[in-house]
1. If you take the residues in the stretch 52-89 that are aliphatic (A, V, I, L, M) and not in a helix (DSSP H, G or I), which one is farthest from residue 14 (Cα to Cα)?
2. Looking at the stretch 8-23, I want the residues that are among the basic types (Lys, Arg) and have a partner that is open to solvent by 70 Å² or more (accessible area, probe 1.4 Å) with Cβ atoms under 7 Å, at least 6 apart or on another chain. Which pairs are those?
3. I'd like the full set of residues that are open to solvent by 10 Å² or more (accessible area, probe 1.4 Å) and either within 19 Å of residue 24 (Cα to Cα) or part of a loop (DSSP other than H, G, I, E, B) (or both), limited to the stretch 90-112.
4. Which numbered condition in (1) modelled with pLDDT of 95 or more; (2) open to solvent by less than 20 Å² (accessible area, probe 1.4 Å) is the only one that residue 56 fails?
5. Give me a count of the residues in the stretch 3-33 that are under 15 Å from residue 82 (Cα atoms) and of a type in the set (A, V, I, L, M, F, W, C).
6. Go through the stretch 56-89 and count every residue that is within 13 Å of the chain's Cα centre (by Cα) and without any contact (Cβ under 8 Å) to a residue 12 or more places away in the chain.
7. Every residue in the stretch 113-125 that is in a helix (DSSP H, G or I) and closer than 18 Å to residue 61 by Cα, please.
8. Considering only the stretch 1-33, state which residues are more than 11 Å from residue 57 (Cβ to Cβ), assigned to a helix (DSSP H, G or I) and not small (Gly, Ala, Ser).
Amino acid sequence: DLSINQMAATAIGNIARGSQQQTEHVAEFGGIQPLCDLLEGTAGLQQHNFIVVTLPTLDKILAVGRQKQAEEGLPDNTYGTLVEQAGGVDKVAALQTHSDVGIAVKAAMVVAKYFPDRFHGQRLTALIQEGVIQVVRQPGGGEDDQATQVGDDGSDGDSYGEREVEVDGQLEGDSGEAGEER
């Protein structure tokens, strides 16, 4: 059974994965805290599922915040600040060492993109050395044109729909486009 708070946070996450305007409304009307709260709790399949859904939702909120920052000439990503105030940065940073590689990689991508000072580079290096993440040259590309694949079959073992992650000085993730199946 889901608690009322978990059901509400799940509904907020569903709205945030909609249009840019819906994502902005979720961020601006207090939806970040309940989402960050989903990143902690008891272990088990239910908690795992909350994390798998919440990480890409936070990624989309942060991407919309970054876009808003650029469009409005703001000094900071205000949604990033809200995530930090909700304790979300600490929680996502801690997930970089999660036992589920898909969660660990997604958390590392979110941290690397939006909070690079909290990036756990040693964990990423260990995953590359273990062969879980493979950095491969892209045809026709220069020294910086690389892609990263997670898993033996080219899939990353999670439900984010990502297959390749572009690397150019930092990790990049999926775009979080509206309508994308999660």
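The values are calculated or read from the model by the stated rules, or taken from the named source; none is laboratory data. As the structure is a prediction and not an experimental result, all values here were calculated from the model. No Cβ is skipped: glycine too gets one built from the backbone with ideal geometry, and neighbour counts run over all protein chains shown. Ligands, DNA and RNA are excluded from the accessible area calculation, which covers all protein heavy atoms including side chains. Shrake-Rupley method; radii C 1.70, N 1.55, O 1.52, S 1.80 Å.
1. Of the residues in the stretch 52-89, the ones aliphatic (A, V, I, L, M) are 52-53, 55, 58, 61-64, 70, 74, 82-83, 86, 89.
When the remaining residues are screened for being not in a helix (DSSP H, G or I), the result is 74, 86.
Details: 74: 27, 86: 19 Å.
Filtering the stretch 52-89 for residues that are aliphatic (A, V, I, L, M) and not in a helix (DSSP H, G or I), the one farthest from residue 14 (Cα to Cα) comes out as 74.
2. Short answer, once both residue conditions are applied: 17/182.
3. 98, 99, 100, listed by residue number.
4. (1)
5. Step one: list which residues in the stretch 3-33 are under 15 Å from residue 82 (Cα atoms), which gives 16, 23-33.
Checking the rest, the ones that are also of a type in the set (A, V, I, L, M, F, W, C) come to 16, 26-27, 29, 32.
The total comes to 5.
6. Result for the stretch 56-89: 0.
7. 113, 114, 116
8. Of all residues in the stretch 1-33, those more than 11 Å from residue 57 (Cβ to Cβ) come to 1-8, 11, 19-22, 24-25, 28-30, 33.
Of the ones still in play, those that are also assigned to a helix (DSSP H, G or I) are 4-8, 11, 20-22, 24-25, 28, 33.
Within the stretch 1-33, 4, 5, 6, 7, 20, 21, 22, 24, 25, 28, 33 meet the criteria.
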